[in-house]
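**Q** Please read through the structure below; I'll follow up with questions.
The values are calculated or read from the model by the stated rules, or taken from the named source; none is laboratory data. It should be emphasised that the depicted structure is a prediction, and the values quoted were computed from it without experimental measurement. Neighbour counts are summed over all protein chains in view; Cβ atoms, including those assigned to glycine, are modelled from backbone coordinates with ideal geometry.
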Amino acid sequence: MSTTPLDPALVDPGAERVAEYSRRGFADDVLPIRPQDRTWRTTQFLTVWMGPIHNILIKNLAFFAGLFIGFAGYALLTLAARRRD
């Protein structure tokens with residue numbers, strides 16, 4: 001199994017490149033992070049990954065469950081009304 005080596009510029013953009021981006025007007029929060037300044041660990045990555053997943057999943061699940069329950073309730077009421085006639 002062979003792996004493609006990473007481009008060193010992607011791993012560490014270098015102080016010169018970061019300074020160039022800063023001079024060109026990029027905000028500090030979107031500048032590349034040098035490897036020695038990276039502080040994220042597994043917990044932070046999991047938190048960032050789980051947030052959007054749960055946000056999308058729970059909202060959609062609640063929405064479709066509400067639709068299903070709503071339609072089922074409407075169908076039961078309709079059947080009950082028809083049985084009376």
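**Q** Residue by residue through region 3-18, note down the ones that are surrounded by 10 or more Cβ atoms within 10 Å (Cβ to Cβ) and assigned to a loop (DSSP other than H, G, I, E, B).
**A** ASP12, PRO13, GLY14
**Q** Within region 18-63, take every residue that is among the small types (Gly, Ala, Ser) and at pLDDT below 85 and give me the one that is nearest to PRO8 (Cα to Cα). Don't jump to the end; show me each part of the working.
**A** So the first thing to find is which residues in region 18-63 are among the small types (Gly, Ala, Ser), and the list is 19, 22, 25, 27, 51, 62.
Now drop any that are not at pLDDT below 85, which leaves 51, 62.
Working: GLY51: 31, ALA62: 45 Å.
Top of the filtered list is GLY51.
**Q** Next question. Pairs please, first residue from region 54-72 and surrounded by fewer than 10 Cβ atoms within 10 Å (Cβ to Cβ), second anywhere and hydroxyl-bearing (Ser, Thr, Tyr), Cβ atoms under 7 Å, 6+ apart in sequence or on different chains.
**A** As it stands, the answer is none, since no pair meets every condition given.
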